[in-house]
Amino acid sequence: MTQPRATRTTDIDWASDIKLPFASVFDDHVRSAVAQVRIRQGWERSAIDDLGAALRAELSLMACPALLELFSSGNQNPTPVNERSGALTAKYRQFVSSLATTDLREVRSSFPVLGDLLDLCSAQWVETTNEAIGHITAARGDLDQHLGIDIGDPVVAAEIGLGDRHAGGRTVGRFVTSTGAQFVYKPRSLRSERAFFDLWRNFRDVVDDPEPVPTILDLAAFGLVEYVHAAPVQDASNYWRRAGEMAGLLHLCVAGDLHNENLIAAGSQPVPIDLECINQPALDATDRARQDLVTYSVLATGLFPHRYSEHWGGPVDLAGLFAGIPEQSPRQRLFWRHLGTDDVGHALMPYARIRDNNFPADASGAPIQCDLPALLDGLESAWRHAPALVDSVGDWGPVRTLRCGTKMYVQARTSMMELDALQDRDLFVARSLALPPVEGANEASERLIIEAESRALQRLDIPIHRAHGCSFLPDRGGPIPDFFADSGHDRMQQRVARLRDSGAALDRTLVTLAVEQFDGRRLESPFADCAASSGSPQRVKPPDAVAGAVHIGHQLLNLRVRTAEGDAWLEVDQRTPMRGLTDNTSLHSGTDGIALFFAALAAVTGDDLWRDACISALAAGPRRKQSRIVLGLSRDGRAACMRVQRAADS
C-alpha cells in the first residue's frame, strides 16, 4: 500500500473542485503518477498534463460517492463546494487537506475496495500512458509518411478515454500537434478495420468515385487513424448514395454496433470510426428468413432506425446514419403500438433524437433529410460490385467480439461501485459474477467465459473477447474451439449468396420501411382523434371503427414484407428493436393475429382483398412439429373460425 504523505504541496483548486468535487484530493496522486512518465522527444509537457488531468477526473469520479458519504457524516449540509458558504468552505478545505495529507487513510479504512481500485487505476494509467507515448514516438515516421504529420511537429495536447476501457484500462486517445494536426491512437491491432477500409477504397475505384477514404495504420500492437472532422453536408444526394454503399459493404462484412457514437458525418460522406465488431462469427447458423428478418439484413448493422433506447422519458433513436437533435422536452409523436396483435393501434408517445457527430446537417445546422432513392441506389451498387471484392478479402485473422451489449457490462460495473460493495470485497466479487448465461456454451465453457468477464470487470474494464475462425478466445484466456457455428468469413460468403436469392429485394424493403417509419411517412392516423397521450386509442362509434380498421388493414398491407417463406410483418413498436414476427405466437399475436384481423375485416366488409390477405398470411406460417392454432375462413369470406391442427394433418 502507498505510504502516507507527510505534507501537502498545493492548496485547493476551487475552479477544478467546483466542476469536479474532491478533485484536489488527488493532486499529489496525479503528480506522483506523472513523475513516472517518461517524456520523450517530440512531446510537450502540456500533453502530459492533459493526460494527468484525465487521471484526476477518473479517480475523482470513482471516489466521489464515498468521499461525499464521509464528508456528509460530519456536516448537516452535504454540498461540498461553495466559496460563499464560509463555515462549510472551511470544513471542506479541512476535509480535502486531511485526506490528501494522509493519503486517503480514512477512505481506505471505510472503503478498502475503493482504496485498492484507486491504486490500481493509478498504476494502470502509468503503464498505459508510457505505452502510448512509446508507441506514438516509434511511429512518427509512419505518421509523417501516411498522414502527413511532420516528424518534428511536437505533440502539445491529448485527450484520452474516448472509448470503453479494455485490457487493463486502455482507451482510445486523440492527440494534437503544435500545428493543429490531429490523429487518433487505438491501443490494439486495427487489422480488421484496415481490411474493411482497403475494401472500401477498392470499391471506390470500381465505381470510379474519387472521394478519398480515411487512412488507417495497423501497427500490430496498436493503430493510428486519420482524424475525421465532422462537417456540413454540401451535396445531399451524393452523401446518401455513399451512405448506402458504405452500409451495403459493412453488411456484407458482417459489421454491427454502428450506433450514433460510432459514425461521423464528414461532409461528403459518413465515416465509421469504430469497427471493432466486424466480421463477426455466428452462434446459430440457421437462416430463418421470416423469423429473423433483421438479424440477417442490413438493418443488423445498426445504421438504420430500428432500435431505440429509453432516455429523456421516451424512445430515442440511436441509428448510426439517422440520430438527430435532442429537444428539451420530447415532443409527442404518433406511433404504432402492438402491431401484430389484437391490441394494434396508434398512440402519442414522447420521442427524442440525439445530436452527435453522425448527424447530417447543412452549413446552418439544419438537418439533411434522407434522400431515400439515392440511399437505395448506393445499396444496390454495393450489392452489384462488392461480392467479387469480398471474395478476395480472405481470412481477417482474430477479431474482437462482445458477448453482451456494453450497457449490460456498464450496469454490472456500476453495481460493483456501490458503497456497500466498496466496503466488502466478497460482495464486490460476487456482483462481478452476476452475469447472464453464455448462449451456445457448455457448462465448462460458460464458467471460463464468466470468470474472464468477472476479472475484467474487477479491473474496471469492459470485457472484450476475440474470435478466430470458429474458436472463441475469452478476455485474456485460452481458446474455446468450435464455439461458433460459422466463422465471420463463412457469414460473409452466406450474405453474398443471399443476394442471389431474395435478399437484396428484402433488404431494400426493410430499409424503406425503417426510413419511412423514421420520417413518419407510414404513421398516419386512421381518424383524427384516435390516439391519446395515455397510450390507448380513444373509443369511437362503430362506423368510424370500421373505417379505422380498414385504414389499419391497408397500413398492414403496406408494412408487409415478402420473404422466401412468404409474407411477414415487422414488430415496429418504437420501444423495442424492429424485428420479424416469430412463429412462437398465440392466436392474438404475430402473423396469426394479423391473419385474424384480415379475416374479421373480410367478414364485416365483404371485400375479397381482406380474404386473400388472410389466406396469404396463413400460408406464410412455417410447419410446426407441435400442435398449433390454425385459422380457417369460410368460402364467402364472412366467417372466421379456428381449430387445432397437428403437424401430420393435411
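The values are calculated or read from the model by the stated rules, or taken from the named source; none is laboratory data. Since we're looking at a predicted model, the values are computed, not measured. Reconstructed Cβ throughout: ideal geometry from the backbone, glycine too, with neighbour counts over all protein chains shown. Accessible surface areas use protein heavy atoms only, side chains included; no ligands, DNA or RNA. Shrake-Rupley method; radii C 1.70, N 1.55, O 1.52, S 1.80 Å.
Side notes on the structure shown:
- Enumeration of residues in the stretch 135-172 that are under 19 Å from Asp50 (Cβ atoms), open to solvent by 20 Å² or more (accessible area, probe 1.4 Å) and of a type in the set (Asp, Glu): Glu159
- When residues of the stretch 251-264 are limited to those that are out of contact with any Gly (no Cβ under 9 Å at 6 or more places or on another chain) and assigned to a helix (DSSP H, G or I), the one farthest from Gly302 (Cα to Cα): Leu252
- Selection status of Ser268, open to solvent by 10 Å² or more (accessible area, probe 1.4 Å) and either under 25 Å from Leu224 (Cβ atoms) or at pLDDT 85 or above (or both): yes
- Total residues in the stretch 190-218 satisfying the condition of being open to solvent by less than 30 Å² (accessible area, probe 1.4 Å), closer than 13 Å to Glu276 by Cα and in contact with an Asp or Glu (Cβ under 6 Å, 6 or more places away or on another chain): the figure is 1.
- Test: residue in the stretch 104-125 that is among the β-branched types (Val, Ile, Thr) and either open to solvent by 10 Å² or more (accessible area, probe 1.4 Å) or part of a strand (DSSP E or B) (or both): no
- Any hit, the stretch 344-356, residues being in contact with a helix residue (DSSP H, G or I) (Cβ under 8 Å, 6 or more places away or on another chain), at pLDDT 85 or above and assigned to a loop (DSSP other than H, G, I, E, B): no
- Residues located in the stretch 191-222, provided they are polar (S, T, N, Q) and over 15 Å from His146 (Cβ atoms): Ser192, Asn202
- Looking across the stretch 8-62, the residues that are assigned to a loop (DSSP other than H, G, I, E, B), open to solvent by less than 80 Å² (accessible area, probe 1.4 Å), farther than 28 Å from Ser178 by Cα and of a type outside the set (Ser, Thr, Tyr) come down to Arg8, Ile12, Leu20, Pro21, Phe22.
- Search result, residues across the stretch 453-472 that are among the hydrophobic types (A, V, I, L, M, F, W, C) and under 22 Å from the mean Cα position of the chain (by Cα): Ala456, Leu457, Leu460, Ile462, Ile464, Ala467, Phe472
- Condition broken by Thr406, with the remaining ones in (1) closer than 30 Å to Leu252 by Cβ; (2) in contact with a helix residue (DSSP H, G or I) (Cβ under 8 Å, 6 or more places away or on another chain); (3) of a type in the set (Val, Ile, Thr) satisfied: (2)
- If the condition is being more than 27 Å from Leu283 (Cα to Cα) and open to solvent by 50 Å² or more (accessible area, probe 1.4 Å), then the stretch 404-418 contributes Thr414, Glu418.
A quick yes/no check of all residues on (1) over 21 Å from Tyr296 (Cα atoms); (2) assigned to a helix (DSSP H, G or I); (3) at pLDDT below 70:
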residue: Pro543; (1), (2), (3): yes, yes, yes
residue: Ala547; (1), (2), (3): yes, yes, no
residue: Ile552; (1), (2), (3): yes, yes, no
residue: Gln555; (1), (2), (3): yes, yes, no
residue: Asp573; (1), (2), (3): no, no, yes
residue: Pro577; (1), (2), (3): no, no, yes
residue: Asn584; (1), (2), (3): no, no, yes
residue: His588; (1), (2), (3): yes, no, yes
residue: Ala595; (1), (2), (3): yes, yes, no
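- Inside the stretch 415-449, residues that are under 23 Å from the mean Cα position of the chain (by Cα) and of a type in the set (Ser, Thr, Tyr) make up a count of 2.
- Filter result for Leu99 (assigned to a helix (DSSP H, G or I), modelled with pLDDT under 95, among the aliphatic types (A, V, I, L, M) and open to solvent by less than 40 Å² (accessible area, probe 1.4 Å)): yes
- Meets criteria (touching a Ser or Thr at 6+ places or on another chain (Cβ under 9 Å), more than 30 Å from Arg108 (Cα to Cα) and in a loop (DSSP other than H, G, I, E, B)) for Gly365: no
- Only one entry of Asp395, Asp377, Asp371 meets the criterion of being open to solvent by 40 Å² or more (accessible area, probe 1.4 Å), in contact with a helix residue (DSSP H, G or I) (Cβ under 7 Å, 6 or more places away or on another chain), at pLDDT 75 or above and under 23 Å from Gln555 (Cα atoms), and that entry is Asp371.
- Flag for Ala319 being modelled with pLDDT of 60 or more, touching a Phe, Trp or Tyr at 6+ places or on another chain (Cβ under 8 Å) and open to solvent by less than 10 Å² (accessible area, probe 1.4 Å): yes
- Near pairs, Cβ below 7 angstrom, 6+ apart or cross-chain, from the stretch 42-61 (in contact (Cβ under 8 Å) with a residue 12 or more places away in the chain and more than 23 Å from Gly141 (Cα to Cα)) to any residue that is charged (D, E, K, R) and surrounded by fewer than 21 Cβ atoms within 10 Å (Cβ to Cβ): Asp50/Glu159
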